[in-house]
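Engineer: Got a structure here, written out as structure tokens. Questions coming.
The values are calculated or read from the model by the stated rules, or taken from the named source; none is laboratory data. Because the structure is a prediction, the values reported are computed rather than measured. Just so you know, the surface numbers come from the protein's heavy atoms only, side chains and all, with ligands and any DNA or RNA stripped out. Shrake-Rupley method; radii C 1.70, N 1.55, O 1.52, S 1.80 Å.
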Amino acid sequence: MLEGKALIEDTDMPVKMQIQAMTSAYRALDLYDVFDCKSIAAHIKKEFDMIYGPGWQCVVGSNFGCFFTHSQGTFIYFALETLNFLIFKGASVPPPPPCPVY
């Protein structure tokens, strides 16, 4: 397991879920090369889908920008070693009302 300590930059997750996010990240980094960000992100996403239900998204890398809408209580952004981790569950938006038929 990596020796580095995760640094949470921003979150609205409950503490138990934050710990799961960092544990999943450590586990993924044990399994994959640090340069294989896609596999690391996929591993974390699949763990979160399995534990908390489908709809999770995960971005891993050292340089990225993003803009998204998330469900309340499901967002965390943290750094570990040279990588940044963004995990969130997408917000479901209700479909627009049907168009009236005349």
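Engineer: Output wanted: per-residue J couplings in Hz (rounded whole) for the range 40-51, from phi through Karplus 6.51 cos²θ - 1.76 cosθ + 1.60, θ = phi - 60°, x for Gly and Pro.
Structural biologist: Those phi angles translate into 4, 4, 4, 4, 5, 4, 5, 5, 5, 4, 5, 7 Hz.
Engineer: Let me ask something additional. Could you provide, to the nearest whole Å², the per residue accessible area of the chain with probe 1.4 Å?
Structural biologist: For the chain, the per-residue accessible area is 66 Å².
Engineer: Over the chain, with every protein chain in place, what whole percent of the accessible area is carbon and sulfur at 1.4 Å, could you tell me?
Structural biologist: On the chain, the fraction of accessible area on carbon and sulfur atoms equals 61 percent.
Engineer: Here are labelled values, (1) 84; (2) 72; (3) 61, and one is the computed percent of Cα pairs over 15 Å apart for what I pasted. Which one?
Structural biologist: (3)
Engineer: Kindly provide the helix-only [θ] at 222 nm of the chain, computed as the sum of -39,500 (n - 2.57) over DSSP H runs of four or more divided by all residues, to the nearest 500 deg cm²/dmol?
Structural biologist: -11000 deg cm²/dmol
Engineer: What are the ³J(HN,Hα) values, in whole Hz, obtained from phi via the Karplus relation 6.51 cos²θ - 1.76 cosθ + 1.60 with θ = phi - 60°, for each residue of the range 4-13 in sequence order, with x given for Gly and Pro?
Structural biologist: x, 9, 6, 10, 6, 8, 7, 6, 10, 6
Engineer: Find how much the distance from E9 to Y77 grows on full extension, using 0.36 nm per residue of separation minus their present alpha carbon separation; answer in nm with one decimal.
Structural biologist: Result: 23.9 nm gained on full extension.
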